[in-house]
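Read the figures in this text as sums done on the coordinates, not as results from a lab. Keep in mind it's a predicted model, so treat the numbers as computed, not measured. Cβ coordinates were reconstructed from backbone atoms using ideal geometry, including for glycine residues, and neighbour counts include every protein chain displayed.
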Amino acid sequence: MSWTVRRLQDVPSVPRTDDGDPDWRPLQHFFGLTAFGANVFIAARGDETLVAEHDEGASVADRGVAVAVREPAVKRRAVARKAGASLLVVGSCPGCFETTWRASHFADVPRA
C-alpha cells in the first residue's frame, strides 16, 4: 500500500522520561518519513509545556494557526492552555533532511 491512515491516538507514544513530559507521537518514525521530521505533542492537562524553549540552529498560536519559522536561531516554546491541545511539528533543513532524534527513543515504538 502506498499510503497509511491512523488516528493520532493509534500512533504509539514515545515512553515518557519525566512526569512533566507531554504525550509525544513520533509521526516521522511511525510512518517511516524520510523527507522531513514530524511529531505531535498532546497536553494531558492545561498549562503544560509541550515544547521547552529552544532554538533550531516553541511557538505560541491560537487554534487553527500555522507558524513557519524560517530562522533557526529564533527561540520559541509552546504551552498548552487546555487539556487535549495538540501541537504538530514538521521540520527540515534546506535541501535535505537529517533527524536529530536518537534511535533509543524508538526502541519500543512500532511502525505502521
### Message
Using a 10 Å cut-off around each Cβ, can you sort Glu48, Glu53 from fewest to most neighbouring Cβ atoms?
### Response
Glu53, Glu48
### Summary
Put in order of increasing Cβ neighbours within 10 Å, starting from the fewest, His105, His29 give His105, His29
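Using Cβ counts within 10 Å as a stand-in for footprinting exposure, how do Leu8, Leu33 rank, fewest first? Numbers along the way, then the final one.
Working: Leu8 12, Leu33 15.
Listed from fewest to most nearby Cβ atoms, that is Leu8, Leu33.
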